[in-house]
Amino acid sequence: MYINIGDRHKIILDKLKTNGFVTVLELSEEFKVSAVTIRKDLKHLEELNLLFRSHGKAVPTNPYTQEKTVTEKEKIHRSEKTGIASKASKLILPNDSIILASGTTITELAAQIPPTKGLTVLTASLNAALILSKLNDVEVIQIGGLIRKSSSSVIGPLGEKMLSEFTCSKLFLGVDGIDLDFGLTTTSSMEASINQIMIKSAQKIIILADSSKFGRKGFGRICGLEEVDQIITDSGIEDSYKKELIKLGIEVIVIDVD
């Protein structure tokens, strides 16, 4: 049965909303039209900012993240970050030794950590270190190195060498993107590098990421999803993504956001 171009576009957008992506091959077979016709459809819809084309498929939005300053990030998904940080803080136990990476969700976690007897925290985040330095029961070790001003955090070989001398029970890591194939990413290759050393220095890897981070990619690859033990996110995560993560053996903790 012939489907006109307007109906075809509507079906494509409905599929995107339901599945999170569409492929040229599947659409070509379903509509019984050539791949060239489908590519023209997708190009037109992309020009209208209704989707983003990538390697024989299309997704709802541009999956590539762009760097934002801490000030900008603090204003985005604030309630989600607060809820995620609250849940993460419950995982911290007396006499734990933990690593806090960097980012606004990590800073929020630092603000929610209660006085915890015997807790030792290594952190690349300047803001997290300042917050935790006010707690008498918590020992804070600030990782040294080059200050990345956009994230108020430390990067570079000095910090990496310092981290390699420690082993900790848990790493709490914020990321800019989580992709099922490409793994965890950030917008900075140098931050990705120090995050990799953090992963090697921790027994359990816990990712703090609001649902907007799924299906997105940053410039610097941190690691594959096989390295991850837990992900704490919000209820905006798509069921298909959650199911795939669970299949990989990752514990996905979802918090409700008002």
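The values are calculated or read from the model by the stated rules, or taken from the named source; none is laboratory data. What you are looking at is a predicted structure, and each value in this text was computed from that prediction instead of being measured. Cβ sites come from the backbone with ideal geometry, for glycine too, and all protein chains shown count toward neighbours. Ligands, DNA and RNA are excluded from the accessible area calculation, which covers all protein heavy atoms including side chains. Shrake-Rupley method; radii C 1.70, N 1.55, O 1.52, S 1.80 Å.
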Checklist entry - Cα centroids of segment 8-48 and segment 185-233: how far apart, whole angstrom? => result 32
Item to check | For segment 1-46: rounded, prolate or oblate by the Cα gyration tensor [a/c cutoff 1.5] | outcome: rounded
Checklist entry - Using 0.36 nm per residue, how much length does the chain from I3 to L93 gain when fully extended, once their Cα-Cα distance is taken away? => result 26.4 nm
Checklist outcome for this item: For segment 133-258 the mean separation of alpha carbon contacts under 8 Å (6+ apart) over residue count, i.e. relative contact order in percent, is 21
Checklist entry - Stretched out fully, how many nm does the piece from I246 to L50 gain, at 0.36 nm a residue minus the Cα gap? => result 67.6 nm
Item to check | Of K15/K90; K117/K204; K15/K170; K170/K213; K32/K213, those spanning more than 31 Å from alpha-carbon to alpha-carbon | outcome: K15/K90; K15/K170; K32/K213
Next on the checklist: For the chain, place one equal point scatterer on every Cα, skip the solvent, and apply the Debye formula. What is log10 of I(q)/I(0) at q = 0.08, 0.10 Å⁻¹?
Outcome noted: -0.36, -0.54
Item to check | Of all DSSP beta bridges in the chain, antiparallel share, percent nearest 5 | outcome: 35
Checklist outcome for this item: Heads up, segment 114-258 by the C-alpha gyration tensor (a ≥ b ≥ c square roots of eigenvalues; a/c under 1.5 rounded, else a/b over b/c prolate, else oblate) looks prolate
Checklist entry - How much of the accessible area of the chain, in percent, comes from carbon and sulfur atoms when a 1.4 Å probe is used? => result 52
Checklist outcome for this item: On the formula 1/(1 + (r/R0)^6), with r taken between the Cβ atoms of E139 and S86 and R0 of 25 Å, the FRET efficiency rounded to 0.05 is 0.65
Checklist entry - How much accessible area per residue does the chain have, in Å², with a 1.4 Å probe? => result 52
Checklist entry - Taking Cα pairs under 8 Å and at least six residues apart, what relative contact order does segment 109-197 come out at, in percent? => result 21
Checklist entry - Based on the Cβ-Cβ distance of I11 and A111, what FRET efficiency does E = 1/(1 + (r/R0)^6) give at R0 = 41 Å, to the nearest 0.05? => result 0.30
Checklist entry - For the chain, what relative contact order do you get, as a whole percent, if you take Cα pairs closer than 8 Å and at least 6 residues apart? => result 15
Next on the checklist: What does the extension gain come out to for S34 and E165, with contour length at 0.36 nm per residue minus their alpha carbon separation?
Outcome noted: 41.4 nm
